[in-house]
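This report refers to the structure that appears directly beneath it.
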Amino acid sequence: MKLIFERSVPGRSTTIFPECDVPEINLPESFLRADKPDLPEVSETDLSRHYQELSKQVYGVCDGFYPLGSCTMKYNPSVNEEAAALPGFTGLHPLQPAETVQGAMEVLRLSEKYLCELTGMDEMTFEPAAGAHGEFTGLLLIKKYHELRGDVARTKILVPDSAHGTNPASASMAGFEVVNIPSAPDGGVDLEALAAAAGPDTAGLMLTNPNTLGIFDRNILKITEIVHNAGGLCYYDGANLNAIVGNARPGDMGFDVVHLNMHKTFSTPHGGGGPGAGAVGAKGDMAKYLPGEHVVEKADGTLAFERKEQSIGRIRSYYGNFLVQVKALAYILMLGGDGLRDASRNAVLNANYLRVQLAPYCKVATEGICMHEFVLDLAEIKARTGISAMDIAKSMLDHGMHAPTMYFPLIVHEALMFEPTETESKETLDEAAAIVIELLKMADTDPETLHNAPCHTPISRPDEVKAARTPVLTWKRA
Amino acid sequence: MTFPKNLKYTDTHEWLEELEDGHVRIGITDYAQDQLGDLVYVNLPEEGDEVVEYESFADVESIKAISEVISPVNGTVVAINEKLTDTPEAINDTPYEAWFIEVSDAEVPDDLMDADEYQAFVESKE
């Protein structure tokens, strides 16, 4: 399709200005640019058609199966959007006096109450703009805790090798040194390696449970005990809370700080459909350092903002991405405690249903029951047939499905990571399983077709190596 | 997959070549480049930087992931292979010619593998 710049015709515009009814002022020459900016000039019709065409190239959860592991591409209920679009929320200014925004403050207070109940934390902040921002915030809380105790030798954060890349990145960003902890053969944390690494220089551990292999770490209580005994704190990466919410709580597993990805567990839109929200919860002393303004109830029953004396300070302007939190709260209220519990159980059931269907045709990276996602290991298939995880993923596109996550986690070399989520039906899972099984069989019978896929998408197979080595990131008029 | 006899190897898949002038050159092995896939970017240290045994001195980025390159020795970087910055594919094409850095004053540890040991190590991972 054409770029918007290629639809441009000089002088065409979308705007009809009313006649000027105020005196015209000419800016001084020194403030004027010499050349006009090279912006596209199109009519409103052209503009609408351009975006309509773009929208048809998009694939979303409303188009079909989207098993992008670790990303939790669950359906986002429309009622969330309706709630967030209420004029009482959209018409607010962040600097309005508290007595005029009691309803919005009630959203934050209720969100905090429910999310603390679900995670086993004492208090929560809604400032972080997304999950990784939440990680960074949580690590600053850990840093503050050690600093206030004069325990300044604690400079290291332990991160398992199955972690999301954001964990070591956030730890570095917060000024810590990262120590990689290897996984045990069952996919969980290697306890001996953890015990050897934990010591007087350990500030804390970052852990995702269930982890990126879709395994709930059975040693979780031992893990947090080892870290606590060494004087460190435990950070729960909430990336996979959607597998356990309503059934188990990070606070009960021994975690001191958590972040939540509202888009994963609480059905707010992803990435481009964002923005994100990455609330951070803390337990005990740690809650004293939470950033920003905290909603508290006054004696007369009204709500007020309060800043904590020992707060780490602001980590974002105002109250975070507030409307995203409205959507998450709408979801929580709609499902209720029982509904949230059933949603995570269904997510686990769906993943296992798909896993059991695919397991006879491809090795699964871990043995036994998985949680909300599982990882296929195509190393043996690649060695035998030359068909890689990439080839299977690309072929799935031709069948009207989104691909699973590829080549992650890094500890599985030819990884395809499936996360069907709770919002898929048995029929969809059966259909997807039949297609993936067919493709896995084709690795032996018709590898050529798999190598050439996809053939039915707007773009076939881009040259990823060339794109990475010599990226062209800007359009220039020919 | 090749395992040149004149080199020494680490269990993190770097090779080390001892030059006649006492310097050593360090790169990544054929197995490493094969596992990483097409490399698209290399981040090298600067001349004069110190490298520390078991610590990362460079990053390589493939279309799959970014990985650290670990130094088998302590020493000072006296030369870097700047060519790799523009042509990281050289590491895929000729991994044993595509050295990353040259290090002086390096004491080569005894526990590095020779070609046969490293080949057996790689085959045990297959």
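The values are calculated or read from the model by the stated rules, or taken from the named source; none is laboratory data. Only a predicted model underlies this, so the values are computations on that prediction, with no experimental measurement involved. Glycine also receives a Cβ, built like all others from the backbone with ideal geometry; neighbour counts cover every protein chain displayed.
Summary of values
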| quantity | calculated |
| --- | --- |
| Residues of segment B:13-42 that turn out to be within 30 Å of A:ASP463 (Cβ to Cβ) and more than 14 Å from chain A (Cβ to nearest Cβ), as a count | 6 |
| Any hit, segment A:413-428, residues being modelled with pLDDT under 90, within 25 Å of A:GLU367 (Cα to Cα) and either touching a strand residue (DSSP E or B) at 6+ places or on another chain (Cβ under 7 Å) or within 14 Å of chain B (Cβ to nearest Cβ) (or both) | yes |
| In segment A:397-427, the residues that are surrounded by fewer than 21 Cβ atoms within 10 Å (Cβ to Cβ) and more than 22 Å from the chain's Cα centre (by Cα) | A:LEU397, A:ASP398, A:HIS399, A:GLY400, A:HIS413, A:SER425, A:LYS426, A:GLU427 |
| Tabulated pairs, segment A:408-432, first of a type in the set (Phe, Trp, Tyr), second in a strand (DSSP E or B), C-beta under 9 angstrom, 6+ apart or interchain | A:PHE408/A:VAL375; A:PHE408/A:ALA415; A:PHE408/A:MET417; A:PHE418/A:LEU68; A:PHE418/A:PHE374; A:PHE418/A:VAL375; A:PHE418/A:LEU376; A:PHE418/A:THR405 |
| Residue count for segment B:24-52, restricted to those that are farther than 22 Å from A:ALA467 by Cα and among the polar types (S, T, N, Q) | 1 |
| Residue tally, condition in a loop (DSSP other than H, G, I, E, B), more than 14 Å from chain A (Cβ to nearest Cβ) and of a type in the set (A, V, I, L, M, F, W, C), over segment B:62-80 | 1 |
| Criterion violated by A:ASP38 - all others in (1) of a type outside the set (A, V, I, L, M); (2) surrounded by 15 or more Cβ atoms within 10 Å (Cβ to Cβ); (3) within 30 Å of A:THR14 (Cα to Cα); (4) touching a Phe, Trp or Tyr at 6+ places or on another chain (Cβ under 9 Å) satisfied | (2) |
| Within segment B:81-100, tally of residues that are more than 14 Å from chain A (Cβ to nearest Cβ) and buried (at least 16 other Cβ atoms within 10 Å of the Cβ) | 6 |
| The listed residue being over 22 Å from A:GLU117 (Cβ atoms) and of a type in the set (Val, Ile, Thr), out of A:THR265, A:THR302 | A:THR302 |
| Subset of segment B:43-56 (residues that are of a type outside the set (A, V, I, L, M) and outside any strand (DSSP E or B)) | B:PRO45, B:GLU46, B:GLU47, B:GLY48, B:ASP49, B:GLU53, B:TYR54, B:GLU55 |
| Scan of segment A:225-264 for residues that are crowded, with 24+ Cβ neighbours inside 10 Å, of a type outside the set (A, V, I, L, M, F, W, C) and touching a strand residue (DSSP E or B) at 6+ places or on another chain (Cβ under 7 Å), ordered by number | A:GLY232, A:TYR235, A:TYR236, A:ASP237, A:GLY238, A:ASN240, A:PRO250, A:ASP256, A:HIS259, A:ASN261 |
| Enumerated helices (runs of 4 or more DSSP H) restricted to segment A:395-476, each holding at least 1 residues that are closer than 25 Å to A:LEU241 by Cα and assigned by TED's automatic domain parsing to the domain that holds A:THR385 | A:426-445 |
| Candidates A:LEU47, A:LEU108, A:LEU95, A:LEU86, filtered to the one that is under 23 Å from the mean Cα position of the chain (by Cα) and of a type outside the set (Val, Ile, Thr) | A:LEU108 |
| Residue check, A:ALA248 in a loop (DSSP other than H, G, I, E, B) and aliphatic (A, V, I, L, M) | yes |
| Given (1) assigned to a loop (DSSP other than H, G, I, E, B); (2) modelled with pLDDT of 95 or more, number of the condition A:GLY187 does not satisfy | (2) |
| When residues of segment B:14-42 are limited to those that are assigned to a loop (DSSP other than H, G, I, E, B) and of a type outside the set (A, V, I, L, M, F, W, C), the one surrounded by the most Cβ atoms within 10 Å (Cβ to Cβ) | B:THR29 |
| Filter pass, B:ASP59 being exposed (fewer than 14 other Cβ atoms within 10 Å of the Cβ), acidic (Asp, Glu), at negative phi and assigned to a strand (DSSP E or B) | yes |
| Candidates A:ASN180, A:ASN219, A:ASN167 - the one that is outside the structural domain of A:PRO404 (by TED's automatic domain parsing), within 18 Å of A:MET253 (Cα to Cα) and among the polar types (S, T, N, Q) | A:ASN219 |
| Residue check for A:SER43: among the small types (Gly, Ala, Ser) and farther than 30 Å from A:GLY276 by Cβ | yes |
| Answer residue from segment A:2-49, given it is touching a residue at least 60 places away in the same chain (Cβ under 8 Å) and part of a loop (DSSP other than H, G, I, E, B) and is farthest from A:ARG477 (Cα to Cα) among those | A:LEU3 |
| Filter result for B:GLU55 (within 14 Å of chain A (Cβ to nearest Cβ), in contact with a Ser or Thr (Cβ under 9 Å, 6 or more places away or on another chain) and not β-branched (Val, Ile, Thr)) | yes |
| Any hit, segment A:443-461, residues being more than 23 Å from the chain's Cα centre (by Cα) and within 14 Å of another protein chain (Cβ to nearest Cβ) | yes |
| Hey, A:ARG154 more than 30 Å from A:PRO94 (Cβ to Cβ) and either buried (at least 22 other Cβ atoms within 10 Å of the Cβ) or not small (Gly, Ala, Ser) (or both) or not | yes |
